[in-house]
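Enquirer: Quick one: the structure is below, and I'll ask about it shortly.
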Amino acid sequence: MYRKDQLKRRKSLVREIVEWSVSLGIAVLVAFLIHSYAFTPELVHGKSMMPTLQDQNKMFVNKLEYRFAEPDRFDIIVFHATAEEDYIKRVIGLPGESLEYRNDILYIDGKAVEEPYLDEYKAELTGENLTEDFTLETATGVTKIPEGKYFVMGDNRRNSKDSRMIGLVDEEQIVGSANLVYSPLSDLHFVN
């Protein structure tokens, strides 16, 4: 009788270990899939997106959004700038458009476009322009943005390595859209 009870307890223990192992394996697999295909954490390096994003902010990047839709103007995206480094910038120009900046105003296909996310930053610069004058052609050598390409800039226009220097971003380089700053907690906010 004692031996039967021991055998029963061992079987029960083995069954419980197997169930926990399977559950843990499934949880690890789900976490891997979410990280690989849906959301990934990203650390902001530098000051090119200030004041919208601060150096060392931690945020989640939505990797699914652009599998079903194209980036929109003013989306904040993460993209592979080099094999080793990702950049975080704002989409300014879309495929098929021409653009230029004159007197700190964005013109898309000759029409002025407001950039409300820069209003507060511009107000701090009394009598100075945040964005220097340039055209798409002087910055990239093309007059219209080709299909599958995007013109991106940092919000801190005076301190941003963006399409003015690195050229247009190919849609294949785009990792996803910045969605939520989660660290430090004092900076917790949805990105727009």
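Enquirer: Mean separation of Cα pairs under 8 Å and 6+ residues apart, divided by the residue count of the chain: what relative contact order is that in percent?
Expert: Relative CO of the chain lands at 25 percent.
Enquirer: So which lysines can K58 reach, going by Cα to Cα under 19 Å and dropping same-chain residues fewer than 8 places off?
Expert: K47, K89
Enquirer: May I pose another question? Calculate the tail of P(r) for the range 46-153: the fraction of all Cα-Cα distances greater than 17 Å, expressed in %.
Expert: Tail fraction, whole percent: 60.
Enquirer: Only Cα pairs within less than 10 Å get springs; with that Gaussian network setup on the chain, which residue of L118, L24, L180 has the largest fluctuation?
Expert: The residue with the greatest mean-square fluctuation here is L24.
Enquirer: Dividing the alpha-carbon radius of gyration of the chain by 2.2 N^0.38 Å (N being the number of residues), what value is obtained? Numbers along the way, then the final one.
Expert: On the way: Rg = 23.9 Å, N = 192, 2.2 N^0.38 = 16.2 Å.
That works out to 1.48 for the chain.
Enquirer: Right, next: Considering the options G154, L118, T138, tell which one lies farthest towards the positive end of the dipole of the range 73-175, charges being +1 on Lys and Arg and -1 on Asp and Glu at the Cβ, about the Cα centre.
Expert: T138
Enquirer: How many percent of the alpha carbon pairs in the range 118-179 exceed a separation of 17 Å?
Expert: Counting pairs separated by more than 17 Å, the tail of P(r) holds 50 percent.
Enquirer: Right, here's the next one. Only Lys, Arg, Asp and Glu count, each charged at its Cβ (+1, +1, -1, -1), so figure out the dipole size of the chain about its Cα centre, rounded to 20 debye.
Expert: About 1820 debye.
Just so you know, all these numbers are worked out from the coordinates, no wet-lab data involved. Note that the coordinates shown come from a computational prediction; the quantities given were computed from them, not determined experimentally. Here the Cβ is made from the backbone with ideal geometry for all residues, glycine too, and neighbour counts use every protein chain on show.
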